[in-house]
Amino acid sequence: MAHPKRKISKQRRDKRRTHYKATLPTLAKCNNCGSTYEYHKVCPECGFYRGKLAIDKDAE
């Protein structure tokens, strides 16, 4: 198996990792209640997803 010839320095390793950044999730505004929610997720306030009732919040 191949082995590295020299130890990779911390500076070189960190330079390579500069592009690994955490990004904020994209938020959308609910058409039903107006609250903000994450894309591709059910609205936590009213339970609607893409204009249709996905989770009945009254039953909980």
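Every read-out reported here was derived from the displayed coordinates using simple, explicitly stated rules and does not represent laboratory data. Quick caveat: nothing in here was measured; it's all calculated off a predicted structure. Positions of Cβ are generated from backbone atoms using ideal geometry, with glycine treated the same way; all protein chains shown enter the neighbour counts.
Taking the criterion of being in contact (Cβ under 8 Å) with a residue 12 or more places away in the chain and in a loop (DSSP other than H, G, I, E, B), the residues of segment 19-38 that qualify are Pro25, Thr26, Cys30, Asn31, Asn32, Cys33. Scanning segment 47-58 for residues that are of a type in the set (A, V, I, L, M, F, W, C) and either closer than 23 Å to Leu24 by Cβ or not in a loop (DSSP other than H, G, I, E, B) (or both) gives Phe48, Leu53. When restricted to residues that are at positive phi and among the charged types (D, E, K, R), segment 36-60 contains 1. Exactly one residue out of His40, His3 is under 16 Å from the mean Cα position of the chain (by Cα) and not β-branched (Val, Ile, Thr): that is His40.
Considering segment 43-60, the residues that are under 18 Å from the mean Cα position of the chain (by Cα) and not aromatic (Phe, Trp, Tyr) include one that is surrounded by the fewest Cβ atoms within 10 Å (Cβ to Cβ), namely Pro44.
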